[in-house]
């Protein structure tokens, strides 16, 4: 993990959500480059997914946008993503991407996205920062707005 004294090159704000869980879902990210002031917003959705998949998809999509190894501060309201990155992933990897459920082993949920994220985290230096959702944080609120708009098109069908 990078030290807090270093400044990240880019800020990555992410959010994901669903209408129902599972249901139509959307993801969004805002990538900011503080030294140039440049900002990129992207979003997308799926007809049938889960909230956790959309939270992960937003991070994967944002990190995949970067063209070279970069120090990224990831700002998300997803405890699932944050704990996955900072606590759970090393154990999952050591156990062959499996987790304990009672006395048996089960595959980690959303393993495809966790594995993509694992690869991206090895390419980039990622510092995770949790932001409170729906708390007036401008970029988090904007990501939420974009994610909701992304799944709205699936509700109108």
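The values are calculated or read from the model by the stated rules, or taken from the named source; none is laboratory data. Fair warning: this is a prediction, and the values are worked out from it, not measured in the lab. All Cβ positions, even for glycine, are placed from backbone atoms using ideal geometry, and neighbour counts span all protein chains on display.
Tabulated values for the structure
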item	result
Options 48, 61, 73, 6: the member that is at pLDDT below 95 and out of contact with any helix residue (DSSP H, G or I) (no Cβ under 8 Å at 6 or more places or on another chain)	6
Number of positions in the range 103-118 that are over 14 Å from residue 55 (Cα atoms) and either surrounded by 13 or more Cβ atoms within 10 Å (Cβ to Cβ) or touching a strand residue (DSSP E or B) at 6+ places or on another chain (Cβ under 9 Å) (or both)	6
Hey, residue 46 surrounded by 14 or more Cβ atoms within 10 Å (Cβ to Cβ) and closer than 20 Å to residue 112 by Cβ or not	yes
Candidate set from the range 128-157 (those that are outside any helix (DSSP H, G or I) and surrounded by fewer than 16 Cβ atoms within 10 Å (Cβ to Cβ)); member that is modelled with the lowest pLDDT	157
Selection count where residues are surrounded by 12 or more Cβ atoms within 10 Å (Cβ to Cβ) and on the phi < 0 side of the Ramachandran plot, scope the range 87-102	8
Any hit, the range 78-86, residues being buried (at least 16 other Cβ atoms within 10 Å of the Cβ) and either more than 21 Å from residue 10 (Cβ to Cβ) or free of Cβ contacts under 8 Å to residues at least 40 places away in the same chain (or both)	yes
Any helices (runs of 4 or more DSSP H) falling wholly within the range 1-113 and containing at least 3 residues that are closer than 18 Å to residue 145 by Cβ	51-65
Top-ranked residue of the range 1-22 - restricted to ones that are farther than 20 Å from residue 71 by Cα and in contact (Cβ under 8 Å) with a residue 40 or more places away in the chain, ranked as nearest to the chain's Cα centre (by Cα)	16
